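Report on the structure given below.
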Amino acid sequence: MMPDPLAQVIGLLRPRAAFSKVVTAAGRWAVHPPAADPFYAAVLEGACTLAIPGQSPVPLGQGDFVLIPAAQDFTMVSQLPPPVGWLDEPVERAPGVFHLGAAGTPDVRMMIGYCRFGSDDAALLVSLLPERVVVRGARRLTMLVELLGDEARAGRPGRDAVLAHLLEVLLIEAFRATPGPSAAPGLLRGLADARLAVALRRIHADPTRAWTIGALAREAALSRSTFFDRFRREVGVAPMAYLLAWRMAIAKDLLRRERVSVGEAAQRVGYSSASTFSVAFTREVGASPTLYARGPEAGRAV
C-alpha cells in the first residue's frame with residue numbers, strides 16, 4: 001500500500017498543542033489574536049466573522065471550523081462588527097475560559113487553540129498546504145477540538161503524547177475536508193488531480209528512486225510537457241523541485257531527530273554517495289549535514 005503524502009507531511013511537521021481555551025462573546029466585539037503560532041477554532045454556538053487583510057471576510061457559524069497553518073495577521077469579529085479600530089481584551093472568567101464584548105449572556109461560544117510544529121523544516125512543509133482551511137458543519141472536527149481542550153486541561157498521565165496524536169488527526173481531518181480543486185496551489189490541489197496524485201504518491205513511496213520527468217510523466221499517464229506544466233500549475237513547484245524538497249525534508253528529520261549517519265541519510269533519500277548528498281544538502285539548507293545534525297546551536301547558518 002502506497003503511503004499517504006498528506007499524512008507523511010503532517011507526521012514530519014510533528015505538531016504539538018501549545019494552548020487551548022474556551023472563548024465566549026456577547027454584543028459587538030473584535031479580537032486580534034497574536035500571529036505567532038498556527039491557529040485553529042471551532043464555533044460551538046452562535047456566529048462570527050474571520051477577517052484577513054486583503055481577503056473577503058469569512059462568516060463562521062455553529063459547527064464551523066477554521067485552521068490557519070502559518071502565522072498570519074487576522075481578526076475575529078462579531079456578526080455586527082464594532083467601529084473600525086475597535087479591539088477587545090479577553091477577560092478570564094474561569095481557568096481556561098475567556099470572554100469578549102459585553103457583560104451580558106454570551107451569544108457566541110468557541111473553542112480555540114494554538115499549536116507548534118517541532119520540525120526544523122516547518123516553513124517548507126507548511127508551504128505545501130493551504131494558507132487557510134474553513135470547513136462547514138464540521139462535527140468531527142468540533143469533537144476533536146473539544147477532546148483537545150479536555151485533554152489539555154485534565155493533566156492526566158501521557159497527556160503530551162495524547163495531545164500530539166489528537167492534533168495530528170485534527171490537522172489531517174481538516175486538510176482532507178478541504179476541496180482540493182479550490183485550494184491554493186500545493187499538495188492538496190495536486191492530490192485532487194487524479195493523474196498528478198499517482199506521481200505524488202510514487203515520489204512519497206519511493207524517494208530513493210532516480211526519478212526523471214519522463215518516468216513521473218509515465219506514472220501519471222501524461223506526456224512530459226503536459227505533466228510538467230500541470231504539476232507546476234497545481235502543486236506550485238516543478239516536479240524535480242518538489243522531489244528535492246521532499247528528500248531534504250526527510251534528510252533533515254533523519255539527521256537531527258533519528259540521529260543517523262550522513263552516509264545512511266544519503267542512502268535513504270536516494271543519493272549514491274555521502275559526498276554527493278553533502279553537496280546537495282549544503283546547497284539547499286545552507287549548512288553541511290554534519291553541522292546540521294549537531295543542532296541549532298551549532299548550525300546557526302541553518
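The values are calculated or read from the model by the stated rules, or taken from the named source; none is laboratory data. These numbers were taken from a predicted model, which means no experiment stands behind them. As a convention, Cβ positions derive from the backbone with ideal geometry for all residues, glycine included, and neighbour counts pool all protein chains shown. When the accessible area is computed, the model is the full protein with side chains, heavy atoms only, and any ligands, DNA or RNA have been set aside. Shrake-Rupley method; radii C 1.70, N 1.55, O 1.52, S 1.80 Å.
Tabulated data
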| item | result |
| --- | --- |
| Solvent exposure ordering (accessible area, 1.4 Å, most first) of Met2, Met248 | Met2, Met248 |
| The range 281-296-the range 1-78 distance, computed between alpha-carbon centres (Å) | 33 Å |
| Helix runs (DSSP H) in the chain reaching 24 Å along axis by Cα, Kyte-Doolittle at least 0.5 | 159-176, 239-256 |
| Accessible-area ranking of Glu284, Glu219, largest first, probe 1.4 Å | Glu284, Glu219 |
| Area accessible to solvent at Ile250, 1.4 Å probe radius, in Å² | 30 Å² |
| Exposure rank, largest accessible area first [Ser78, Ser272; 1.4 Å] | Ser272, Ser78 |
| Spin-label proximity, Arg176 to the range 1-44 - amide N less than 16 Å from point 7 Å beyond Cα toward beta carbon | 1-12 |
| Full-extension gain in nm, Arg233 to Glu258, via 0.36 nm per residue minus C-alpha separation | 5.6 nm |
| For the chain, calculated [θ]222 nm from helices alone, where every DSSP H run of n ≥ 4 adds -39500 (n - 2.57) | -12500 deg cm²/dmol |
| Prolate/oblate/rounded call for the range 38-166, Cα gyration tensor, a/c under 1.5 rounded | oblate |
| Correct option for log10 I(q)/I(0) by the Debye sum over Cα atoms at q = 0.09, 0.15 Å⁻¹ [calculated from the coordinates] among (1) -0.53, -1.17; (2) -0.42, -1.24; (3) -0.64, -1.14 | (1) |
| Distant-in-sequence amide H partners of Val108 (H built 1.01 Å from N, under 5 Å) | Ala25 |
| Within a Gaussian network of the chain (alpha carbon springs, distance under 10 Å), most fluctuating of Val77, Val133, Val97 | Val97 |
| Amide H contacts of His99 (H built 1.01 Å from N, under 5 Å, at least 5 apart or other chain) | Thr24, Val91, Glu92, Arg93 |
